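Chemist: Sharing a structure here in structure tokens format.
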Amino acid sequence: MGNGSGGGCFHHVMNQFLISQPPRDGYAGARIIVLPVPFEASVTYGEGTADGPAAILKASQQVETFDLYFKKELPETAIFTLPAVRSTRHYEEMAEMVRSRVLEILTDRKHPVILGGEHSVAIPAIEAFHTIHPNGCVIHFDAHADLRDHYRQNAWSHACTLRRIRDLGIQTLSVGIRSVCREEWDLILKNNIPFASPEQPDFWETLNRHLTSFTGPAWLTFDVDGLDPSVIPATGTPEPGGLTWQEVMRFLDLLAASRIRVIGADIVELAPAPGLHLADFTTAKLAHRIMIGLMASQMN
Ligand SMILES: [Mn+2]
């Protein structure tokens, strides 16, 4: 296991997103609250997602605060990063901490942005979102359907994330999917689960049609393996045929132009690897784009 974001000997590691020092007005003055969750328990292939949050925070120091794509810059006080949740390998222990933090952030009418960690960190965050926004929906970006009921006897595996979210009765839209098992495919057809796959020729048309049928507050759960592994090679379960960086920008654009208001987000499954710091930087830039493109417009 790597050093994660814990460990007393890593005080020099930057602990704020984008900036080196906490903003002047701290949590109270910020509208976007970053919560690092270095949780990794159900890894099935490559390891290392526990090191994701620290790597993203470190790489974010290199991200330009002015965003050329959306031609916007957030005020210096807009983003505040909380200390990482305590490291544990027990799902329920992590879930309890994430659920209560996210509930508090949403109650304070701020935007939570979780940095994972494996994908299961999204479940308690979305439970909290669902409590505050019972009519809200979930936009799910991923290479994998994550609809298995169990995986290796574990109902809280990263392979079951969307299944657990749908168990809450939340409307979902999966984007980027290109790996589905037979059980998942049967479930998609039986329950008419909305998805858009880059393996299908009408991907953009399908995505657009679904996006226009969704309204209201949303949680964006963003697995970086939805991008092509040539863009983000440092992830546990890479899958060829993913979206390019430009295509993800187009997706964010469509989302921003829709009637969906993204309230909170998680960015998960980065598994930093030596020599692949481009993946850390790309993930940090992506997290910033999500804040600028989808959340800043709701701030005044
Ligand atoms: Mn995935």
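Read-outs throughout are calculated quantities, based only on the coordinates presented, and are distinct from any laboratory measurement. The structure displayed is predicted, hence computed values, not measured ones. Positions of Cβ are backbone-derived with ideal geometry, glycine not excepted, and every protein chain shown enters the neighbour counts.
Chemist: Being closer than 27 Å to Ala84 by Cα and in contact with a strand residue (DSSP E or B) (Cβ under 7 Å, 6 or more places away or on another chain) is the requirement here; does Ile165 meet it?
Modeler: Working: closer than 27 Å to Ala84 by Cα: yes; in contact with a strand residue (DSSP E or B) (Cβ under 7 Å, 6 or more places away or on another chain): yes.
Answer is yes for this residue.
Here's the yes/no breakdown for (1) closer than 20 Å to Thr244 by Cα; (2) within 16 Å of the ligand (Cβ to nearest atom); (3) not aliphatic (A, V, I, L, M):
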{"residue": "Gly176", "(1), (2), (3)": "yes, yes, yes"}
{"residue": "Glu184", "(1), (2), (3)": "no, yes, yes"}
{"residue": "Ile188", "(1), (2), (3)": "no, yes, no"}
{"residue": "Asn191", "(1), (2), (3)": "no, no, yes"}
{"residue": "Pro198", "(1), (2), (3)": "yes, yes, yes"}
{"residue": "Asp202", "(1), (2), (3)": "yes, no, yes"}
{"residue": "Thr206", "(1), (2), (3)": "yes, no, yes"}
{"residue": "Thr212", "(1), (2), (3)": "no, no, yes"}
{"residue": "Trp219", "(1), (2), (3)": "no, no, yes"}
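Chemist: Let me ask something else. Could you give every pair whose Cβ atoms fall below 7 Å, whose first residue belongs to region 140-163 and is farther than 12 Å from Leu187 by Cβ and without any contact (Cβ under 8 Å) to a residue 40 or more places away in the chain, and whose second residue is part of a helix (DSSP H, G or I) and within 13 Å of the ligand (Cβ to nearest atom), counting only separations of at least 6 or pairs across chains?
Modeler: Pairs found: His150/Cys160.
Chemist: Looking at region 146-220, what helices (runs of 4 or more DSSP H) fall wholly within it and have at least 2 residues that are among the hydroxyl-bearing types (Ser, Thr, Tyr)? Can you show your working first?
Modeler: Numbers: elements: 161-167, 182-191, 203-213.
Per the criteria, 203-213.
Chemist: Now for a different question. Scan region 149-172 and give yes if some residue there is within 16 Å of the ligand (Cβ to nearest atom) and touching a Pro at 6+ places or on another chain (Cβ under 8 Å), otherwise no.
Modeler: Yes: region 149-172 contains one or more residues that are within 16 Å of the ligand (Cβ to nearest atom) and touching a Pro at 6+ places or on another chain (Cβ under 8 Å).
Chemist: Condition first: out of contact with any strand residue (DSSP E or B) (no Cβ under 7 Å at 6 or more places or on another chain) and within 16 Å of the ligand (Cβ to nearest atom). Now tell me which residues in region 74-121 satisfy that.
Modeler: Hit for region 74-121 is Ser120, nothing else.
Chemist: Confirm whether Pro83 is more than 14 Å from Val268 (Cβ to Cβ) and not in a helix (DSSP H, G or I). Talk me through it step by step, then tell me what you get.
Modeler: Numbers: more than 14 Å from Val268 (Cβ to Cβ): yes; not in a helix (DSSP H, G or I): yes.
Considered against the rule, which asks whether it is more than 14 Å from Val268 (Cβ to Cβ) and not in a helix (DSSP H, G or I), Pro83 comes out as yes.
Chemist: Taking the stated definitions as given, is Glu76 free of Cβ contacts under 8 Å to residues at least 60 places away in the same chain and out of contact with any helix residue (DSSP H, G or I) (no Cβ under 6 Å at 6 or more places or on another chain)?
Modeler: Working: free of Cβ contacts under 8 Å to residues at least 60 places away in the same chain: yes; out of contact with any helix residue (DSSP H, G or I) (no Cβ under 6 Å at 6 or more places or on another chain): yes.
So Glu76 fits the description; yes.
Chemist: I need a count of the residues in region 93-107 that are in contact (Cβ under 8 Å) with a residue 40 or more places away in the chain and among the charged types (D, E, K, R).
Modeler: Summing the residues that are in contact (Cβ under 8 Å) with a residue 40 or more places away in the chain and among the charged types (D, E, K, R) in region 93-107 gives 1.
Chemist: Still on this structure: Among the residues of region 31-78, what is the count of those that are part of a loop (DSSP other than H, G, I, E, B), among the polar types (S, T, N, Q) and surrounded by 17 or more Cβ atoms within 10 Å (Cβ to Cβ)?
Modeler: Step one: filter region 31-78 for residues part of a loop (DSSP other than H, G, I, E, B), giving 31, 38-48, 61-65, 68-71, 74-78.
When the remaining residues are screened for being among the polar types (S, T, N, Q), the result is 42, 44, 61-62, 65, 77.
Now drop any that are not surrounded by 17 or more Cβ atoms within 10 Å (Cβ to Cβ), which leaves 42.
Total meeting the criteria: 1.
Chemist: Kindly provide the set of residues from region 124-139 that are over 19 Å from Thr49 (Cα atoms) and in contact (Cβ under 8 Å) with a residue 60 or more places away in the chain, ordered by number. Write out each step before concluding.
Modeler: As a first pass, look at region 124-139 and keep what is over 19 Å from Thr49 (Cα atoms): 126-139.
Scanning region 124-139 gives Ile126, Phe129, His133, Asn135, Gly136, Cys137, Val138, Ile139.
Chemist: Out of the residues in region 242-295 meeting the condition of being among the charged types (D, E, K, R) and outside any helix (DSSP H, G or I), tell me which one is nearest to Phe80 (Cα to Cα). Steps first, answer last, please.
Modeler: Taking region 242-295 as the starting set, the residues that turn out to be among the charged types (D, E, K, R) are 247, 250, 253, 259, 261, 266, 269, 280, 285, 289.
From what is left, the residues that are outside any helix (DSSP H, G or I) are 259, 261, 266, 269.
Values: Arg259: 27, Arg261: 21, Asp266: 15, Glu269: 22 Å.
Ranking the qualifying residues of region 242-295, first place goes to Asp266.
Chemist: Okay, moving on. Can you tell me which of (1) touching a helix residue (DSSP H, G or I) at 6+ places or on another chain (Cβ under 7 Å); (2) among the polar types (S, T, N, Q); (3) within 16 Å of the ligand (Cβ to nearest atom) is the one Thr131 doesn't meet?
Modeler: Going through the list (1) touching a helix residue (DSSP H, G or I) at 6+ places or on another chain (Cβ under 7 Å); (2) among the polar types (S, T, N, Q); (3) within 16 Å of the ligand (Cβ to nearest atom), Thr131 breaks only (3).
Chemist: Collect the residues in region 255-297 that are within 16 Å of the ligand (Cβ to nearest atom), under 12 Å from the mean Cα position of the chain (by Cα) and of a type in the set (A, V, I, L, M), keeping them in residue-number order.
Modeler: Of everything in region 255-297, those that are within 16 Å of the ligand (Cβ to nearest atom), under 12 Å from the mean Cα position of the chain (by Cα) and of a type in the set (A, V, I, L, M) turn out to be Ala265, Ile267, Val268, Leu270, Leu286.
Chemist: Does any residue in region 229-248 that is more than 13 Å from the ligand (Cβ to nearest atom) come within less than 8 Å, Cβ to Cβ, of a residue that is of a type in the set (S, T, N, Q) and outside any loop (DSSP other than H, G, I, E, B) six or more places away or on a different chain, and which pairs are these?
Modeler: Close Cβ pairs satisfying both conditions: Val231/Thr282; Trp245/Thr282.
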